[in-house]
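A quick write-up on the structure given underneath.
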Amino acid sequence: MAASKLGVGIAGLGLISKTHAAAYQRMSDVVDLVAGCDVDPKAAAAFADEHGAKTYSDLNDLINDPAVDVVDLILPHHLHYDAAMAVLDAGKHLILEKPVAPTYEQSVAIHRRAVEAGVHFMVAENTRYIAAYQAVERLLKEGAIGEVIHARTYLRSNEKAHLSLPGYWRTRYELGGGLVMDTGAHSFYLLKWLLGEVDELTGISKKVFPLDNEIEDTAEVYGRLKSGAHFSCGFTSVSEVPHSERLELFGTEGGILVDQMADPVVKLFRGQHDFQGEAVEGVPFGPDAWHPGGWHYESVLTEVTDYVRSLVEGRPPLIDSGDTVYAMRVVEAAYESIKSGRPVTGL
């Protein structure tokens, strides 16, 4: 490895790791993908064959490898806290897949420790790097729809196959499973980034498909933002429509509709009589989310690229990881409301 390059080690060689690895390969001028770590020997062997990198089965061995400058943690949620703390205690740079950790307390602790360690830290929340939402941010800053008074998100996927696997970690709450935990974190981050903090919320959840596990497959969280705007976030993991996301913002002077399955993806409406709307330029249509060209795939590439480039350039990454920590506060409040059947205030 050239002295000017950063050595990257990926811990957790599942589905998302492949997209992260693709991003590192595109930045071969500044990084080398030197190591991978997974308890599954088949996954480790496949990674080694594809990338010509060394592999480990023990995270500590990856962390202690002198060739590894940056650790990319893509682990089951319940492993985030201990793994992230070990990386930070070793003084290595860290990119951590969302959610930060299964609890708000652990999320705060990781973020605080990263600041104390003085390393380059980022939570890999791809929502910040989705072109459609970046376009929305620009429109809001321009005042295109006035004051936002209602916001609605909807995230859908089909996880029936994964959630049917015996022992799969996402099917157990104690291992960080749960739809609101895994998917809700995206929407709650989006609201915080674009519109601010939550003042009050109510959560409801259901199991609408008979899978033999304990987690919810459909949920809704709604309430009021501190700005006064109403919000509603819907989620399902048993959709027979392709994986996608929607965002609807309604303001005092117009509205914005985002739909990753629509072309154009983003439309601006300048009032109730604007029946045509205005296509927002610069947002590519890529509905096949998980493959090259798809909106989700491309946002992950951009996310990882920004992390590396910001490290090399000595600047903060585009995302404020503190907002991802706040999203976990909202996740916990949502589950508290689901359990009690009552609204939660004072977030």
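Looking at the structure I just gave you, is Ser310 small (Gly, Ala, Ser), farther than 12 Å from Ala132 by Cβ, open to solvent by less than 10 Å² (accessible area, probe 1.4 Å) and touching a residue at least 40 places away in the same chain (Cβ under 8 Å)?
Yes, satisfied.
Taking Gly255 as the residue in question, decide whether it is closer than 23 Å to Tyr129 by Cα and either surrounded by 18 or more Cβ atoms within 10 Å (Cβ to Cβ) or at pLDDT 95 or above (or both).
Against the criterion (closer than 23 Å to Tyr129 by Cα and either surrounded by 18 or more Cβ atoms within 10 Å (Cβ to Cβ) or at pLDDT 95 or above (or both)), Gly255 qualifies.
Output the residues belonging to region 182-213 that are closer than 16 Å to Pro76 by Cβ and either β-branched (Val, Ile, Thr) or at pLDDT below 95 (or both).
Asp182, Thr183, Asn213
Residue check: is Ser157 in contact with a Cys (Cβ under 8 Å, 6 or more places away or on another chain), within 19 Å of His296 (Cβ to Cβ) and of a type in the set (S, T, N, Q)?
No; evaluated as a whole, the condition is false for this residue.
Of all the residues that make up region 174-213, how many are under 30 Å from Ile145 (Cα atoms) and assigned to a helix (DSSP H, G or I)?
The total comes to 14.
Listed here are the residues, each with its yes/no results for (1) within 25 Å of Gln25 (Cα to Cα); (2) assigned to a strand (DSSP E or B); (3) touching a helix residue (DSSP H, G or I) at 6+ places or on another chain (Cβ under 9 Å).
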residue: Phe250; (1), (2), (3): no, yes, no
residue: Glu281; (1), (2), (3): no, no, yes
residue: Pro284; (1), (2), (3): yes, no, yes
residue: Pro292; (1), (2), (3): yes, no, yes
residue: Tyr297; (1), (2), (3): yes, no, yes
residue: Val300; (1), (2), (3): yes, no, yes
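Those residues that are touching an Asp or Glu at 6+ places or on another chain (Cβ under 9 Å) and either surrounded by fewer than 14 Cβ atoms within 10 Å (Cβ to Cβ) or outside any helix (DSSP H, G or I) (or both), I need them from region 34-57; list them, please.
Val34, Ala35, Cys37, Val39, Ala53, Lys54, Thr55, Tyr56, Ser57
Report, by residue number, each residue of region 160-197 that is touching a helix residue (DSSP H, G or I) at 6+ places or on another chain (Cβ under 9 Å), of a type in the set (Gly, Ala, Ser) and open to solvent by 10 Å² or more (accessible area, probe 1.4 Å).
Matches in region 160-197: Ser164 only.
Please specify each residue of region 257-275 satisfying the condition of being part of a loop (DSSP other than H, G, I, E, B) and on the phi < 0 side of the Ramachandran plot.
Once the filter is applied, which keeps residues that are part of a loop (DSSP other than H, G, I, E, B) and on the phi < 0 side of the Ramachandran plot, region 257-275 yields Gln260, Met261, Ala262, Asp263, Pro264, Val265, Arg270, Gln272, His273, Asp274, Phe275.
For the structure I just gave you, tell me whether Ser232 is touching a Lys or Arg at 6+ places or on another chain (Cβ under 9 Å) and surrounded by fewer than 18 Cβ atoms within 10 Å (Cβ to Cβ).
yes
Is it fair to say Asp65 is outside any strand (DSSP E or B), charged (D, E, K, R) and surrounded by 18 or more Cβ atoms within 10 Å (Cβ to Cβ)?
Yes.
The values are calculated or read from the model by the stated rules, or taken from the named source; none is laboratory data. Computed from a prediction, not measured in an experiment: that's the story for all the values here. Here Cβ is always computed from backbone atoms with ideal geometry, including for glycine, and neighbour counts include all displayed protein chains. When the accessible area is computed, the model is the full protein with side chains, heavy atoms only, and any ligands, DNA or RNA have been set aside. Shrake-Rupley method; radii C 1.70, N 1.55, O 1.52, S 1.80 Å.
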